[in-house]
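Below: one structure, written as structure tokens.
The values are calculated or read from the model by the stated rules, or taken from the named source; none is laboratory data. Note that this is a predicted model, so its numbers are computed, not measured. As a convention, Cβ positions derive from the backbone with ideal geometry for all residues, glycine included, and neighbour counts pool all protein chains shown. Remember, those area values only see protein heavy atoms, side chains included, never the ligands or the DNA or RNA. Shrake-Rupley method; radii C 1.70, N 1.55, O 1.52, S 1.80 Å.
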Amino acid sequence: EVKCGRMSELTVTCKSESLRRQHQTPETHMYCMSKKHTTEAMPENDDEWRDVLDEEEYQILREAGTESAGTSDLLKIDDDGMFRCAGCDSELFRSDEKFESGTGWPSFWAPADTAAVETQADRSHGRVRTEVICSACEGHLGHVFNDGPDPTGKRYCINGKALEFEEE
């Protein structure tokens with residue numbers, strides 16, 4: 001067992017290809033269960049995810065839902081810090097990459113690390129968008145659009161319920 005400062009971590013075998021891509025060692029990864037603060041492995045099925053996430057987090061992260069615009073407390077965050085995945089505690093976005101998009105959702109021009117998130121086509125609701133998912137737990141975060149500011153021109157429009165903020 002290794003201490004990570006906030007909670008315990010446990011080395012477990014990686015079953016997910018995206019986890020193996022994200023971490024240095026292909027066979028193992030370190031995982032913090034931010035909700036339980038225990039040394040349990042990442043949830044593997046819906047019942048286990050329901051035990052760790054509240055109803056809104058589950059609906060967004062595991063069922064690709066969307067919170068109502070303008071409802072996230074994270075919209076007002078101006079402090080230095082890191083936005084982490086509410087499902088697995090992975091570092092996703094830095095506060096210095098956040099900008100006010102006027103959309104009603106926390107928006108970022110880039111992820112903290114290119115390996116932190118993955119994208120895939122989302123053909124729901126009769127249109128094609130680019131979905132953003134957490135590379136570690138494969139939770140739905142939001143969508144990315146090509147109408148953001150420099151230097152990337154990207155707008156990662158992320159559900160606040162999919163994130164937790166850790167002030168530096």
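DSSP loop (so not H, G, I, E, B), at most 12 other Cβ within 10 Å: list which trypsin sites (Lys or Arg not before Pro) in region 99-140 pass both filters.
Answer by residue number: 123, 127.
Would you grab the residues whose amide H sits under 5 Å from the one on residue 117? Only those 5+ places off in sequence or on another chain, please, with H modelled 1.01 Å from N.
135
At a probe radius of 1.4 Å, what is the per-residue accessible area of residue 156, in Å² to the nearest 10?
30 Å²
Return the carbon/sulfur percentage of the accessible area of region 86-168, one whole number, probe 1.4 Å, all protein chains in place.
On region 86-168, the fraction of accessible area on carbon and sulfur atoms equals 42 percent.
With all protein chains present, calculate the accessible area of residue 167 using a 1.4 Å probe and round the result to the nearest 10 Å².
For residue 167, the solvent-accessible surface is approximately 120 Å².
Compute the accessible area per residue over region 49-168, keeping the other protein chains in place, probe 1.4 Å, unit Å².
On the way: 5920 Å² over 120 residues.
Per-residue accessible area for region 49-168 comes out at 49 Å².
Quick one: accessible surface of residue 154, probe radius 1.4 Å, all protein chains present, in square angstrom to the nearest 10.
Result for residue 154: roughly 70 Å² accessible.
Largest first, what is the accessible-area ranking of 100, 56 with a 1.4 Å probe? Mind showing how you got there, number by number?
On the way: 100 135, 56 100 Å².
Heavy-atom accessible area, descending, gives 100, 56.
Hey, can you grab everything whose amide H is under 5 Å from the amide H of residue 163? Only 5+ residues off in sequence or another chain; H modelled, so Pro and N-termini drop out.
Correct list: 86.
When the Karplus curve 6.51 cos²θ - 1.76 cosθ + 1.60 is applied with θ = phi - 60°, which whole-Hz ³J(HN,Hα) does each residue of region 143-152 get, with x for Gly and Pro?
9, 10, 10, 9, 10, x, x, 5, x, 9
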